[in-house]
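Here is the structure we will look at.
The values are calculated or read from the model by the stated rules, or taken from the named source; none is laboratory data. These figures come from a predicted structure and were not determined experimentally. Here the Cβ positions follow ideal geometry from the backbone for every residue, glycine too, while neighbour counts run over all protein chains shown. Just so you know, the surface numbers come from the protein's heavy atoms only, side chains and all, with ligands and any DNA or RNA stripped out. Shrake-Rupley method; radii C 1.70, N 1.55, O 1.52, S 1.80 Å.
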Amino acid sequence: MILDAPAPAGYRFRQLTADDRRAVTHLDSWAFPSPADPDEIEKGPSPLTWDRVVGVEPDGEAAPDGGLAALHASYPFSRFPVPGGALPTAGLTWVGVHPQHRRRGIATAMIDLHLARCRERGEPLSALFAAEYPIYGRFGYGKAADDVRLTVPRGAALRDVPGAAEHTVRIEHADRGRHAALVDTVHRAAGESVGGTGINRPGWATRESAELQASWWHDSTTFRGGQESRRIVVVERDGEPRGYALLRRKLDWVPTGTDGTVNVLEAVALDAAASRALWGVLLDLDLMTETKPFILAPDDPLLVLLRNPRAAGQRRVDNVWIRLVDLPTALAGRRYAAGIDTTLAVTDARLPDNAGVWHLRAAPFGAATCERADTAPSEADLALDVRELGAAYLGGTSLAGLAAAGLVDERVPGALAAASTAFGWPVAPVCSWVF
């Protein structure tokens, strides 16, 4: 795997291994301050795939604590969901620079190396969650999805759904040996067919690697923040799992009685009836006063089932960001909600192979092609930067909305409306967990 991308003067890249875990943990504690003691963190499994972890070391100046100046890694998503399909994708993560080594071009060099390695591995996309919003746009990433956070009062009324009462519910301590296969199966199925519609949910990454699975199920007291150990609610119909929620409760005693919070880490259901059965339990647990789902899709059934959604105090948060690494493969690898036959003049300052005019053609929900066009950029139907193409890629951001902000230029009348419709998708993109 290549490591010969240029590092800033005075630094060098180094492929890291599991033997570097202590240095990685300490660097991470500098880049992302946490009350957790690094020694305690190291007692649990690491989520990292080590052949995808690269450190930055100083050539002369000693790194703080004898460790690393910076590092970045990526998770292997072999089938990252895109509209109507799935593509190999690198989940960029753990991008951190020690405060002593900031403002020296290290982050830029790491991103360039990451994109080069994506190309070498044949990953046409890179995805991430942004710790800071302003950073990644300058590297060509576009905000491609949002999620919704709620605080729902206990006993909030829900609309009825036929068949919900035919489900049974189990509430247990979450245990990897007992529940991992169930969670993985239901989670994958929910992404492949949203609400049983047969339409997939873009961005719905699964925890594919053994390292991610081990880390996800590790339930250390270090990260509980005063909450209980992890619990699971399983919804079944005729003995078949149809949904689950992973949660932690926290109970405080106050002069008026109890003040409890249900923190829902992940809630997944395969259809409307299972969703109604699941939330009917989560919103009415004894001694609790509120329920806080961590991540919900903007079109999650709960937002419709609540009889008074205003009382839940909805807040919208940016979710997955997307970077097109191999533009023609990425655009041909998804499906489109309407027929499209258009030319796109694309700029890409970091990956010149993506720049130029591209001819994109597809039938509604059918196979697509994307080839270089023998057209001058000034004669293309639309003009945009790769950042905006990434924002629209999963179908959650409107090209017309980006154009209204001056970020997409319509060169041929009518091309914007047609392309905006085609790039959309029937369900909102989202990832149910932060990577």
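Building the convex hull from the alpha-carbon atoms of segment 168-272 and averaging its projection over directions returns 8.4 nm². Per residue, the average separation of C-alpha pairs within less than 8 Å and at least 6 apart gives the chain a relative contact order of 19 percent.
Here's how it looks for residue 296: its modeled amide H is under 5 Å from those of 148, which are all 5 or more places away or on a different chain. The average projected area of segment 248-314, computed from the convex hull of its Cα atoms over all directions, is 4.9 nm².
Where the alpha-carbon atoms of segment 240-359 are placed on the principal axes, they occupy 66, 33, 28 Å, in descending order. Taking Cβ atoms as reference points and 11 Å as the exclusive limit, the residues near residue 409 contribute a net charge of -3, counting Lys and Arg as +1 and Asp and Glu as -1. Comparing 204, 94, 30 in a Gaussian network model of the chain (Cα springs below 10 Å), the most mobile by mean-square fluctuation is 30. Within the listed set 354, 263, 308, the Gaussian network model of the chain (springs between alpha-carbon atoms below 10 Å) gives the highest mean-square fluctuation for 308. In straight-distance terms, cross-link reach from residue 292 covers every one of the lysines whose alpha-carbon lies under 20 Å from its own, apart from those fewer than eight places away in the same chain; here that gives 250. Carbon-plus-sulfur accessible fraction, the chain (probe radius 1.4 Å, protein heavy atoms only): 51%. In a GNM of the chain with a 10 Å cut-off on Cα contacts, which of 184, 259, 286 has the highest mean-square fluctuation? So, out of 184, 259, 286, the one fluctuating most is 286. Note that segment 132-203 shows a convex hull volume over its alpha carbon atoms of 212 Å³ per residue. For segment 319-435, the C-alpha radius of gyration divided by 2.2 N^0.38 Å, with N the number of residues, is 0.99.
Principal axis extents of the Cα atoms in the chain, from largest to smallest and rounded to whole angstrom, are 67, 59, 38. In plain terms, the bigger the Kirkwood radius, the slower the diffusion; for segment 58-169, with that radius from Cα pairs, at 4 °C and 1.567 mPa s, Stokes-Einstein puts D at 72 µm²/s. Its DSSP H runs of at least 4 residues, each contributing -39,500 (n - 2.57), put the calculated 222 nm mean residue ellipticity of the chain at -6500 deg cm²/dmol, to the nearest 500.
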